[in-house]
Amino acid sequence: MIEVSNLTIRKWIDFLFQIVGLLILFLALVTLLSLILDLSTKGLHRIDWAFMTHFPSRFPERAGILSAWVGSLLVILLTSFFVIPLGIAAGIYLEEYAPKNFFSTFIELNIVNLAGIPSITFGLMALGFFVYTLNFGQSILTAGLTLSLLVLPIIIVTTREAIRTIPQTIREAAFGLGASRWQVIQHHVLPYSSGGILTGVIIALSRAIGETAPLITIGALTFIAFLPPNPLGTDQNFYDWIFSPFTVLPIQMFNWVSRPQSEFHVNAAATGLILLLLTLVLNAVAIFIRFRFRRRIKW
Amino acid sequence: MELAEVQVNAARPSSLAGVRNPFQKWRKLKEKIIELCLLTSAMTSVVVVFTILWILVSESIPFFQHVRLIDFLTDTEWTPLFEQAHYGILPLLCGTFLTTLIALSVAIPCGTMMALFLSEYATPFWRETLKPVLELLAAVPTVVYGYFALMTVTPLLQKLIPSLPGFNVLSAGIVMGVMIVPYVSSLTEDALRSVPNYLREGSMAMGASKAQTALRVLYPAAFSGISSAYILAISRALGETMVVSIAAGLKPNLTLNPLEPAATVTAFIVQVSQGDLPHGSIGFQSIYVAGLALLILTLVFNLFGFYLRRRFKETYD
């Protein structure tokens, strides 16, 4: 019998531990890659000009995603309009103004809670509040407001993190020259943290693009064969489009996945590929910006 | 922040205290207005949390005038839209717990191993490169994961288990697990990185190997932070909707067998919302009750996480 020393065994265990870690990491990357490849092989051939410019149809080969991508675009536009100023303002208040008292802790606790609430709960709230209490209807406006509240914590948290990295000396120097608190923020804090804030905004919007459940709950339609009214048309008000019914890319995809015919699954794969690439590109941009800013600014 | 107050006061000599400069007056007013606007923005989150609670509770109250609470908690069938309506939340909760359990048994071991590897074995270059790439896994829209579970993972699993039905909890759970791995690995890695180096050095000086150091010294030392990673993963899994509505089937099923189809609380809400239920009907109220149950469940786990974080908090100077 061969004597195996304790040390050898431990070295083997250590080696095995490392290999297992590497393997799991590799597996995760393979999953991501197979997700992309899977959707590409099934759906890439379906994406063409006609697919982008046709309305959904009973005939899978004639169906397209025109109403879905226009809907997604408008909803995201409205979401950015609400959430970007709101989130950044809240982040600034909590970092630069909020006194250390019970009230501030209370606000912070609420933001943490908000981030932990399941997304579908936001949809239920929106259905009860925006649709039935405020009578906004099952419209683009309701969708924009719902997604804004959903991604608000992301923007607040990243804004605060970005602001926190700015050294106190910068603020003190500006105050010393007689700047008011808002001037310090406007001329120093915001410009220096803009990279971090932008990263947060992009990540929040990419989350909003892919979000499905709350929009189903508020009653987004799955079959829409018309576009919202053109704001520049002559016989409508400029803001008519925000009250229009809508559908978005993830809901269109969900609808197609749920159908039994496999021709519709091809359409679903094509929509999924577009969604996936959209979110991956947005996230890559966010990572790039974060990387650039971290390099350029050294305190 | 108190500093600003001091300096603004210091800028005005006491002899001029009574003199009102119109420019300064305007500036002070402007500052006040801006602060008020920012405060209002920060208050939004408080308003939202309370609106959610108010809407969920107020829409659920009429439900309990129809259904006794004891039936709601003990009935083993959930068929609110049938002629013979039963309102037992247990089958939905069971589905939610089962999918969560499967997802966690994928995400927690894998995520923790990945974090240990990245923080203790990988070089800084690989760590900084792989971390954002892994986070992409969490950025993929959930509806895409649902498609992946139904169209790719289920057929693969059917090759291993031929009797597996097209809709099943297992494949939904596994895919959900993959989805939440980045939440676990990223936060766990942060927690491990914040453990001071002297603990690593001390352990190795005692003759421990890297694996022993990682598992017996660093993991317990970072457990406060790691527990919050786990809790975040749990709340994600509990609230996940699209993967289960697409791949797990929509049939409420009181079972612990992962090879059967089942519905979760979230899947039920989606299923009902797709139809056109009149506002105020019992079916409409039932989705609010389900939502309230889900919210309470999530809050309980978050409170438990808060307790864990406090209980295992280690402070280093």
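What follows is calculated from the coordinates using simple rules that are stated; it is not laboratory data. The structure displayed is predicted, hence computed values, not measured ones. Cβ placement follows ideal geometry from the backbone for every residue including glycine, while neighbour counts extend to all protein chains displayed.
Table for the structure above
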quantity: Gyration tensor verdict on region A:141-286 (Cα atoms; rounded if a/c is under 1.5, prolate if a/b is larger than b/c, oblate otherwise); calculated: prolate
quantity: For A:60-71, mean number of other protein chain Cβ atoms within 10 Å; calculated: 0
quantity: Check: the protein assembly as shown dipole with +1 on Lys, Arg Cβ and -1 on Asp, Glu Cβ, in debye; calculated: 1740
quantity: Euclidean distance of C-alpha centroids, region A:183-218 and region B:259-274, integer Å; calculated: 31
quantity: Residue-averaged [θ]222 nm for the protein assembly as shown, counting only DSSP H segments that reach four residues, each worth -39500 (n - 2.57); calculated: -22000 deg cm²/dmol
quantity: Region B:37-114: chymotrypsin sites (Phe, Trp or Tyr not before Pro) in DSSP loop, at most 11 other beta carbons within 10 Å; calculated: B:Phe82
quantity: Most positive-pole-ward Cα, B:Met114, B:Trp78, B:Ala267, against dipole of chain B from beta carbon charges; calculated: B:Met114
quantity: Candidate lysines - alpha carbon under 26 Å from A:Lys11, same-chain residues fewer than 8 apart omitted; calculated: B:Lys210
quantity: Straight-distance crosslink candidates among aspartates and glutamates, where the alpha carbon sits under 19 Å from B:Lys32 and sequence neighbours closer than 8 are dropped; calculated: A:Glu95, A:Glu96, B:Glu2, B:Glu5
quantity: Positive-end residue, the protein assembly as shown charge dipole about Cα centroid, Cβ charges, pick of A:Pro85, B:Gly305, A:Thr212; calculated: A:Pro85
quantity: Full-extension gain in nm, A:Leu77 to A:Leu27, via 0.36 nm per residue minus C-alpha separation; calculated: 14.3 nm
quantity: Full-stretch length increase - B:Leu81, B:Glu128 - with 0.36 nm per residue and alpha-carbon distance subtracted; calculated: 11.8 nm
quantity: Neighbouring partner chain Cβ atoms per residue of A:91-99, average, 10 Å criterion; calculated: 5
quantity: Packing rank of A:108-115, B:135-142, where each peptide gets the mean count of other beta carbons within 10 Å, highest leading; calculated: B:135-142, A:108-115
quantity: Point-charge dipole on Cβ atoms (K/R +1, D/E -1) for region A:1-78, about Cα centre, debye to 20; calculated: 200
quantity: Per-residue Cβ neighbour rank within 10 angstrom, fewest leading, B:Val181, B:Val49; calculated: B:Val49, B:Val181
quantity: Cα centroid separation, region A:1-51 to region B:37-86 (Å); calculated: 42
quantity: Ranked B:Tyr147, B:Tyr307, criterion: other C-beta atoms within 10 Å, fewest first; calculated: B:Tyr307, B:Tyr147
quantity: Alpha-carbon centroids, region A:87-111 and region B:104-176: separation in whole Å; calculated: 36
quantity: Footprinting exposure proxy for A:Phe288, A:Phe136 (fewest neighbouring C-beta atoms within 10 Å first); calculated: A:Phe288, A:Phe136
quantity: Options B:Ala214, B:Phe97, B:Pro182, ranked by Cα towards positive dipole end of region B:90-311, top entry (Cβ charges); calculated: B:Ala214
quantity: Peptide A:39-52 - average C-beta neighbours from other chains (10 Å radius); calculated: 1
quantity: Mean separation of Cα contacts under 8 Å, 6 or more apart, over the residue count of chain A: relative contact order %; calculated: 26
quantity: Theoretical gain in end-to-end length, A:Leu280 to A:His187 [0.36 nm per residue, Cα-Cα removed]; calculated: 30.2 nm
quantity: Chain B - charge dipole about Cα centre, Lys and Arg +1 at Cβ, Asp and Glu -1, debye rounded to 20; calculated: 1080
quantity: Kyte-Doolittle mean at least 1.0 and Cα axial length at least 24 Å: DSSP H helices in chain A; calculated: A:6-43, A:66-92, A:140-164, A:190-210
quantity: Shape of chain A, Cα gyration tensor, a/c cut at 1.5; calculated: oblate
quantity: Global geometry of region B:90-311, whether rounded, prolate or oblate, following the gyration tensor of its Cα atoms and the 1.5 cut on a/c; calculated: prolate
